[in-house]
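Report on the following structure.
The values are calculated or read from the model by the stated rules, or taken from the named source; none is laboratory data. Not measured: the values here are computed from a predicted model. When we count neighbours, we look across all protein chains shown, and the Cβ atoms used for this are built from the backbone with ideal geometry, even at glycine. Note: accessible area is taken over every heavy atom of the protein model, side chains too, but ligands, DNA and RNA are not part of it. Shrake-Rupley method; radii C 1.70, N 1.55, O 1.52, S 1.80 Å.
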Amino acid sequence: MKTVGLIGGMSWESTAEYYRLLNELTRERLGGLHSSRCVLYSVDFAEIEQLQVQGRWEEAGELLAGAARALEAAGADLVLICTNTMHKVADRVQDAVGVPLLHLADATADAVLGAGLRTVGLLGTAFTMEQDFYRRRLEAHGLTVLVPGADDRALVHRVIYEELCLGVVRDSSRESYRRVIAELAENGAEGVVLGCTEIELLVGPGDSTVPLFPTTRLHAEAAVRAALTTAE
């Protein structure tokens, strides 16, 4: 079994989901008392969030690159950045290590294409929805990506940072997300990518009339497949 390296803490709530999913999926594949062989480098999210807001992406990239190097030194055979937004610096992280970085957007695109879909809505932080680093990666797989209007992008972003990242889950926010998802579907989205690892704490399949693509789970599934490629 290969060792999975996790760059987490952004937020720790979603990183805890990664850890749970990695272990559950490994047990499903191997049975018995098997669990995931993994190492975690958990950053201080407050520091990362300030760098995001200030547009200091180069510094943020170097910080995560250092985390990746530490994971490789600890024995990681592959690395995951446990957040969609910080895939803005994915190339910097990959360049820092000799082991592969398993890109979250690639795992997500594979799932969308596997479902036979071509047009998806994207929910995430304002950085993920408004900048092109994530949409461009999805589009490189042949997907068409739709995002909500400006007011709804602000709402989705606010709920992530002011509620979900703090472990707060509100029914009123769930209703707002349901409305945004429904409007994306009305505008042509065949499915919706939950492009922030915290969103899965708020909404699930029952909250949408079109398929939802939970990026935390999809990333974890891809990691387990990679880790167990030669184990079975």
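Restricting attention to region 2-46, the residues that are over 20 Å from the mean Cα position of the chain (by Cα), of a type in the set (A, V, I, L, M, F, W, C) and open to solvent by less than 70 Å² (accessible area, probe 1.4 Å) add up to 1.
Within the set V224, V159, V192, the sole residue that is touching a strand residue (DSSP E or B) at 6+ places or on another chain (Cβ under 7 Å) and not hydroxyl-bearing (S, T, Y) turns out to be V192.
Note on region 209-221: residues that are open to solvent by 10 Å² or more (accessible area, probe 1.4 Å) and either within 21 Å of Y19 (Cα to Cα) or at pLDDT 95 or above (or both) total 8. Can you tell me which of E49, E58 is farther than 22 Å from V4 by Cβ, open to solvent by less than 70 Å² (accessible area, probe 1.4 Å) and either touching a residue at least 40 places away in the same chain (Cβ under 8 Å) or of a type outside the set (G, A, S) (or both)? Answer to the selection: E49. Inside region 99-117, residues that are over 18 Å from P211 (Cα atoms) and either of a type in the set (G, A, S) or in a loop (DSSP other than H, G, I, E, B) (or both) make up a count of 4. Could you check, for region 208-221, whether at least one of its residues is acidic (D, E) and under 13 Å from the mean Cα position of the chain (by Cα)? Yes, because at least one residue in region 208-221 is acidic (D, E) and under 13 Å from the mean Cα position of the chain (by Cα).
Between S176, S172, the distinction of being of a type outside the set (D, E) and surrounded by fewer than 14 Cβ atoms within 10 Å (Cβ to Cβ) belongs to S172 only.
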